[in-house]
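*Asks:* Quick one: the structure is below, questions incoming.
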Amino acid sequence: MEISEYVSFDAVGLADLVAKGEVSPAELQLAARAAARAVEPRINAIAETWTPDDEPRPGAAPLAGVPFLIKDLAVAMAGRRMEMGSRLAAGHVSVADSFLMARFRRAGLVTFGRTTTPEMAYNTTTETELYGTTRNPWDLDRSAGGSSGGAGAAVAAGVVPVAHATDAAGSIRIPASYNGLFGLKPTRGRVSVGPFADEIFNGLAVHGSVSRTVRDSAVLLDQMRGPEPGDPYVAPEPPRPYAREVTRPPGSLRIGVLAQGWGGHRTTAPVSEALSRTVRLLESLGHRVEEAEIQLGADWEEFLLANARQWTANLTASIDELAEALGRPVDSTTLEPSTLASYHYGRRVTGAELVTALAIRNRVARSMAAHFDAYDVLLTPTVPDLPVPLGTHTRGVEAMDGLDWLRRLFDLSPFTAVFNVTGTPAMSVPLTADAETGLPIGMQFAAGYGLEGRLFRLAGQLEEASPWAGRIPSVWAGSVTDG
């Protein structure tokens, strides 16, 4: 299969070719590797590739033979490295598959590499000491986002049609927006993070994916979802597979719009215009759209402090465990300045302060739940600006403590983290692009707990009404001359 043909299919389309015997998994692997070689020197989205151990039988699984990449964090693949973008974990090898990795195998996906992530996924850009800078395929001087930045860049550039991603404060949705992709953060408890953890960051982090089509994310989530033994909580089972929701009409939804971020963060003109175009599109589809007063349930500084305590306390425990297991020091030789500052901040968080932070999480979740009684869906920009220039995040970082660092991250993406706190599903949809630069702009839609199906129905309708498949970045594997 030529690269130009390979990139014209999404994952569902490739699996269909395999099922029909029109292409083999081995041929798809060759095409994916050729695509990676074509773009990787420019975007630096892949930490490592390998030759897969086995090849699924055609037609034996929903995504049999589809090339796949996992994030260098949170999903363990037996015998493969998981280094979390950090010098502290360099060379660390997983001894067994996590539950999610086993599900990827059962789905028929052929995993052949790891995508880059910022250190410990503790950033919303992917620029690391360990692997260098991951660049946005639309503009190589701009960020691909984070923490699933490598996944976003690889999918946007055509290496794979869909890739594993995680999200603790926007790490699926921000790269989706920056790279012109679809990305849905599932409900807390929808996908097991076991068996090596019961929850990540007290439930803030979840597994998901980024993809070029809505149906790929829906089909993959169908394969990922469901409880495993010992899970502390699980999301309610959906009434039907998500793959079927994509083609179902969403009905006329009442949609509340928040144009400006909490804490006084202002949305830039290109993104505001994109939001206005999205509202007009929604109204043309029969939805009832209105500006909404969305009360957070805490003032912004209180929200920041609670998140800083929750994030850094969890980060510190993870770093101490890694350092002890690998026999390495926790200092500037193993950790980047922002991570090290957050580590020291986390060591000062008391048990009582962490409990108070979790109480604020509850207040925010209860407040936001009331808004989902009033609206079927909430709409915001995914991020308030276009993809930021590389280096934006680290400017002046040496003078920051853990609270300062989290404030910077939330200043750059004030709309996303609240839905991690509430545990409710949210998605970024690549509905439009900036007229001047051509850079993609994502719109975020959020729904109540367990209502991914509603989001998939809306996303399917939007994809049909305003297709984005024809928009490709300047670095695109399909532009490479075959042969």
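Every residue, every condition in (1) assigned to a loop (DSSP other than H, G, I, E, B); (2) among the aliphatic types (A, V, I, L, M); (3) under 19 Å from VAL219 (Cβ atoms); (4) modelled with pLDDT of 95 or more, yes or no:
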| position | (1), (2), (3), (4) |
| --- | --- |
| GLU5 | no, no, no, yes |
| GLY13 | no, no, yes, yes |
| GLY21 | yes, no, no, yes |
| LEU30 | no, yes, no, yes |
| ALA34 | no, yes, no, yes |
| ALA47 | no, yes, no, yes |
| PRO52 | yes, no, no, no |
| PRO58 | yes, no, yes, no |
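*Asks:* I'd like the full set of residues that are over 14 Å from GLY442 (Cα atoms), of a type in the set (D, E, K, R) and out of contact with any Asp or Glu (no Cβ under 9 Å at 6 or more places or on another chain), limited to the range 456-470.
*Replies:* GLU464 - this is the single residue of the range 456-470 that is over 14 Å from GLY442 (Cα atoms), of a type in the set (D, E, K, R) and out of contact with any Asp or Glu (no Cβ under 9 Å at 6 or more places or on another chain).
*Asks:* From the residues in the range 437-454 that are among the hydrophobic types (A, V, I, L, M, F, W, C) and buried (at least 23 other Cβ atoms within 10 Å of the Cβ), which one is nearest to ASN136 (Cα to Cα)? Outline the logic, then answer.
*Replies:* Step one: filter the range 437-454 for residues among the hydrophobic types (A, V, I, L, M, F, W, C), giving 439, 441, 443, 445-447, 451.
Those left that are additionally buried (at least 23 other Cβ atoms within 10 Å of the Cβ): 441, 443, 445-447.
Numbers: ILE441: 13, MET443: 18, PHE445: 23, ALA446: 25, ALA447: 29 Å.
Applying the filter and picking the extreme gives ILE441.
*Asks:* Still on this structure: In the range 42-60, is there at least one residue being surrounded by 17 or more Cβ atoms within 10 Å (Cβ to Cβ) and farther than 24 Å from GLY478 by Cβ?
*Replies:* Yes, that holds for at least one residue.
*Asks:* What are the residues in the range 235-267 that are of a type in the set (Val, Ile, Thr) and surrounded by 15 or more Cβ atoms within 10 Å (Cβ to Cβ), if any? Working first, answer last.
*Replies:* Looking only at the range 235-267, we keep the residues that are of a type in the set (Val, Ile, Thr), and these are 246-247, 255, 257, 267.
Of everything in the range 235-267, those that are of a type in the set (Val, Ile, Thr) and surrounded by 15 or more Cβ atoms within 10 Å (Cβ to Cβ) turn out to be VAL246, ILE255, VAL257, THR267.
Yes/no matrix, rows are residues, columns are (1) among the hydroxyl-bearing types (Ser, Thr, Tyr); (2) touching a Cys at 6+ places or on another chain (Cβ under 6 Å); (3) modelled with pLDDT of 95 or more:
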{"residue": "GLY226", "(1), (2), (3)": "no, no, yes"}
{"residue": "ARG240", "(1), (2), (3)": "no, no, yes"}
{"residue": "THR247", "(1), (2), (3)": "yes, no, yes"}
{"residue": "GLY251", "(1), (2), (3)": "no, no, yes"}
{"residue": "LEU258", "(1), (2), (3)": "no, no, yes"}
{"residue": "THR268", "(1), (2), (3)": "yes, no, yes"}
{"residue": "GLU293", "(1), (2), (3)": "no, no, no"}
{"residue": "TRP300", "(1), (2), (3)": "no, no, yes"}
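*Asks:* With the requirement that a residue be closer than 19 Å to THR416 by Cα, out of contact with any Phe, Trp or Tyr (no Cβ under 7 Å at 6 or more places or on another chain) and not in a helix (DSSP H, G or I), what does the range 256-289 give you?
*Replies:* Within the range 256-289, VAL257, LEU258, ALA259, GLN260, HIS265, ARG266, THR267, THR268 qualify.
*Asks:* Further, regarding this structure: Could you give every pair whose Cβ atoms fall below 6 Å, whose first residue belongs to the range 299-322 and is more than 15 Å from ALA352 (Cα to Cα), and whose second residue is modelled with pLDDT under 95, counting only separations of at least 6 or pairs across chains?
*Replies:* Going by the 6 Å Cβ cut-off, the qualifying pairs are TRP300/TRP262; TRP300/GLY263.
Yes/no per residue for (1) in contact with a Phe, Trp or Tyr (Cβ under 6 Å, 6 or more places away or on another chain); (2) among the polar types (S, T, N, Q):
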{"position": "VAL355", "(1), (2)": "no, no"}
{"position": "ALA359", "(1), (2)": "no, no"}
{"position": "ASN362", "(1), (2)": "no, yes"}
{"position": "THR380", "(1), (2)": "yes, yes"}
{"position": "PRO384", "(1), (2)": "no, no"}
{"position": "THR392", "(1), (2)": "no, yes"}
{"position": "LEU403", "(1), (2)": "no, no"}
{"position": "LEU409", "(1), (2)": "no, no"}
{"position": "SER413", "(1), (2)": "no, yes"}
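*Asks:* From the residues in the range 455-483 that are charged (D, E, K, R) and surrounded by fewer than 20 Cβ atoms within 10 Å (Cβ to Cβ), which one is nearest to ASP373 (Cα to Cα)? Full working, then the answer.
*Replies:* Initially, the range 455-483 is screened for residues charged (D, E, K, R), giving 457, 463-464, 471, 482.
Next cut, surrounded by fewer than 20 Cβ atoms within 10 Å (Cβ to Cβ) only: 463-464, 471, 482.
Numbers: GLU463: 26, GLU464: 28, ARG471: 36, ASP482: 53 Å.
Filtering first and then ranking leaves GLU463.
The values are calculated or read from the model by the stated rules, or taken from the named source; none is laboratory data. Note that this is a predicted model, so its numbers are computed, not measured. FYI the Cβ positions are ideal-geometry reconstructions off the backbone, even for glycines, and counts take in every protein chain you see.
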